[in-house]
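Trainee: Can you keep this structure in mind? I'll have questions shortly.
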Amino acid sequence: MSSTPAADAFTAPAPATNSPVGLFAGGREAWFTALDHDPALRAKASHDAIGALLDVLTRTDVPSVVDHDYAAKAGSVGAGRLLMALDYTRGTGSDETWAQAFTQGPMHVLTSKIISPLLTHFRTVDGASLFPGDATMTPAFRDSPLWGPQTNQVGHFLCAVEAGTRLGRFAHHGIEKKVFELGLGAADKVAGFQNLEGTVEDWSRAGIIGHEMIGDEDGSGFLGQLKAYDRLVANGDPDHIRAHWDAAVAAVLAGRHDEAWTHIDAISRAIEAPTTPADVQANLENDHPRFATPHANRDGNSREDIALSVYGFATGYAAMTTGFSTPQALRSALEARFTASGAEADAIDAAAGR
């Protein structure tokens with residue numbers, strides 16, 4: 001997404017509480033370990049994943065030094081809490097060893113063992129997801145009707161938030177962005193991409209949209225997803241994917257849900273993302289899918305995921321550009337959009353046609 005005036009239209013809710021006092025005596029890793037083994041948090045997460053995440057964002061026992069460090073990095077206390085949540089959940093949950101990764105080549109090692117762990121938020125504790133399920137999320141963002149209650153929509157949301165925060169940070173650091181993009185351009189050449197632009201914006205689109213083009217059962221990993229996006233935008237991006245993505249994010253930032261879903265649906269149609277169980281069955285019967293493996297059910301792909309990614313990306317971008325003055329301001333904004341009882345949930349569901 002490129003910086004647009006619409007980004008400035010996002011206004012964080014007024015703060016409802018003061019900043020936390022930092023009651024927990026310890027550093028970041030000790031704090032994360034304490035969260036892992038907090039029985040009340042684990043119990044809530046098992047049936048209300050998004051609610052448990054919101055609780056983490058507004059806890060009053062975050063160590064003061066941790067709070068201050070994240071706030072300084074993000075530019076506001078509330079946005080700092082979002083960065084904290086990203087670090088807490090960071091990881092793939094994969095049990096692939098380095099030796100196994102090396103058997104699939106250096107690019108697989110780079111993407112699966114180095115890049116993916118830095119970008120994904122599916123860390124597990126004792127073999128279980130930190131925030132499993134989507135039962136209490138805004139219905140338009142739930143994909144459990146397709147893939148079952150084991151879905152990890154909070155983790156998926158945070159992956160998009162990660163990408164949004166990165167672009168938002170670069171909005172303040174133009175020289176750093178240019179240096180970073182030199183590396184992306186080099187990666188384009190090494191991987192053999194022909195159409196993926198060496199920009200933060202296009203790599204963000206590629207990672208997010210590519211993930212919805214090839215199902216988890218395909219086994220091609222992050223590199224395969226990037227290659228799928230490279231094919232999607234070949235020949236001058238005939239489906240206008242880049243424009244649809246940028247317009248969808250700008251619409252979310254401005255609170256225009258109907259407009260956002262118009263662009264979300266355009267992307268979903270272009271990549272043949274399943275929306276209903278009937279779509280999954282059609283994928284199983286499809287001899288010639290546009291991008292996916294023939295007869296694959298596209299496990300983990302959905303229109304709901306594209307939508308959640310757009311909204312998550314916009315959230316991360318807003319956090320780093322507009323900011324959230326307090327943890328409660330952040331919670332209020334997320335609660336409004338991403339919980340079933342939130343103030344914007346009905347409007348989002350209506351725009352999604354639910």
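The values are calculated or read from the model by the stated rules, or taken from the named source; none is laboratory data. Please read all numbers here as calculations on a predicted model, not as lab measurements. Glycine gets a Cβ as well: all are built from the backbone with ideal geometry, and neighbour counts include every protein chain shown. The protein model used for the area step is the full one, side chains on, heavy atoms only, and it has no ligands, DNA or RNA in it. Shrake-Rupley method; radii C 1.70, N 1.55, O 1.52, S 1.80 Å.
Trainee: With respect to Ala251, is the statement that it is surrounded by 18 or more Cβ atoms within 10 Å (Cβ to Cβ), without any contact (Cβ under 8 Å) to a residue 24 or more places away in the chain and assigned to a helix (DSSP H, G or I) true?
Mentor: Answer is no for this residue.
Trainee: Could you list all residues from the stretch 314-351 that are among the acidic types (Asp, Glu) and either under 16 Å from Ala79 (Cα atoms) or part of a helix (DSSP H, G or I) (or both)? Spell out how you get there, then give the answer.
Mentor: Step one: filter the stretch 314-351 for residues among the acidic types (Asp, Glu), giving 335, 344, 346, 349.
Scanning the stretch 314-351 gives Glu335, Asp346, Asp349.
Trainee: While we're here: Being free of Cβ contacts under 8 Å to residues at least 12 places away in the same chain and either at positive phi or in contact with a Phe, Trp or Tyr (Cβ under 8 Å, 6 or more places away or on another chain) (or both) is the filter here; which residues of the stretch 135-186 pass it?
Mentor: Selection gives Gly148, Glu176.
Trainee: In this structure, does His244 turn out to be touching a His at 6+ places or on another chain (Cβ under 8 Å), at pLDDT 95 or above and either over 27 Å from Leu86 (Cα atoms) or not β-branched (Val, Ile, Thr) (or both)?
Mentor: Numbers: touching a His at 6+ places or on another chain (Cβ under 8 Å): yes; at pLDDT 95 or above: yes; either over 27 Å from Leu86 (Cα atoms) or not β-branched (Val, Ile, Thr) (or both): yes.
The answer is yes for His244.
Trainee: Give the stretch 254-275 a look and list any residue that's in contact (Cβ under 8 Å) with a residue 24 or more places away in the chain and hydroxyl-bearing (Ser, Thr, Tyr), or say none.
Mentor: Ser268, Thr275
Trainee: Could you grab the pairs with beta carbons closer than 9 Å, sequence gap of 6+ or different chains, first residue in the stretch 335-354 and under 19 Å from Phe313 (Cβ atoms), second one among the hydrophobic types (A, V, I, L, M, F, W, C) and in a loop (DSSP other than H, G, I, E, B)?
Mentor: Glu335/Ala343; Ala336/Ala343; Arg337/Ala343
Trainee: For Arg169, all conditions in the list (1) outside any helix (DSSP H, G or I); (2) closer than 20 Å to Asp87 by Cβ hold save one; what is the number of the exception?
Mentor: Against the list (1) outside any helix (DSSP H, G or I); (2) closer than 20 Å to Asp87 by Cβ, Arg169 comes up short only on (1).
This table checks each residue for (1) modelled with pLDDT under 95; (2) of a type outside the set (Phe, Trp, Tyr); (3) open to solvent by 10 Å² or more (accessible area, probe 1.4 Å).
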{"position": "Gly22", "(1), (2), (3)": "yes, yes, yes"}
{"position": "Ala25", "(1), (2), (3)": "yes, yes, yes"}
{"position": "Ala40", "(1), (2), (3)": "no, yes, yes"}
{"position": "Lys44", "(1), (2), (3)": "no, yes, yes"}
{"position": "Tyr70", "(1), (2), (3)": "no, no, yes"}
{"position": "Ser76", "(1), (2), (3)": "no, yes, yes"}
{"position": "Gly80", "(1), (2), (3)": "no, yes, no"}
{"position": "Ala85", "(1), (2), (3)": "no, yes, no"}
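Trainee: Moving on to the next point. Quick check on this structure: which one of Leu232, Leu308 is within 17 Å of Ala160 (Cα to Cα) and at pLDDT 95 or above?
Mentor: When all the criteria are applied, what remains is Leu308.
Trainee: Any residue in the stretch 190-218 that is in contact (Cβ under 8 Å) with a residue 40 or more places away in the chain sitting within a Cβ distance under 9 Å of a residue that is open to solvent by 40 Å² or more (accessible area, probe 1.4 Å) and among the hydroxyl-bearing types (Ser, Thr, Tyr)? List the pairs, counting only those 6 or more apart or interchain.
Mentor: Correct list of pairs: Glu201/Ser2; Ile214/Ser220; Ile214/Thr293; Gly215/Thr293; Glu217/Thr293; Asp218/Thr293.
Trainee: Scanning the stretch 46-68 for residues that are among the small types (Gly, Ala, Ser) and either open to solvent by 30 Å² or more (accessible area, probe 1.4 Å) or not in a helix (DSSP H, G or I) (or both), which turns out modelled with the lowest pLDDT?
Mentor: Only one residue fits best here, namely Ser64.
Trainee: Within the stretch 94-114, identify whether any single residue is under 30 Å from Ser220 (Cβ atoms), in contact with a Leu (Cβ under 7 Å, 6 or more places away or on another chain), β-branched (Val, Ile, Thr) and at pLDDT below 95, and answer yes or no.
Mentor: Start the filter on the stretch 94-114 by keeping residues that are under 30 Å from Ser220 (Cβ atoms), which leaves 94-114.
Going one step further and asking which of them are in contact with a Leu (Cβ under 7 Å, 6 or more places away or on another chain), we end up with 107-108, 111.
If we keep only those that are β-branched (Val, Ile, Thr) too, we end up with 111.
Applying the additional criterion that residues be at pLDDT below 95 yields 111.
Yes, the stretch 94-114 contains a residue that is under 30 Å from Ser220 (Cβ atoms), in contact with a Leu (Cβ under 7 Å, 6 or more places away or on another chain), β-branched (Val, Ile, Thr) and at pLDDT below 95.
Trainee: Search the stretch 138-180 for residues being among the acidic types (Asp, Glu) and either under 11 Å from the mean Cα position of the chain (by Cα) or modelled with pLDDT of 95 or more (or both), and hand back the single one that is most open to solvent (accessible area, probe 1.4 Å).
Mentor: Out of the qualifying residues, it is Glu162.
Trainee: Condition first: open to solvent by less than 70 Å² (accessible area, probe 1.4 Å), under 22 Å from Ala234 (Cα atoms) and part of a helix (DSSP H, G or I). Now tell me which residues in the stretch 269-302 satisfy that.
Mentor: Ala270
Trainee: Moving on to the next point. I need the full set of residues from the stretch 202-234 which are closer than 17 Å to Gly185 by Cα, of a type outside the set (A, V, I, L, M) and open to solvent by less than 30 Å² (accessible area, probe 1.4 Å), in order please.
Mentor: Matches in the stretch 202-234: Asp202, Ser204, Arg205, Gly207, Tyr229, Asp230.
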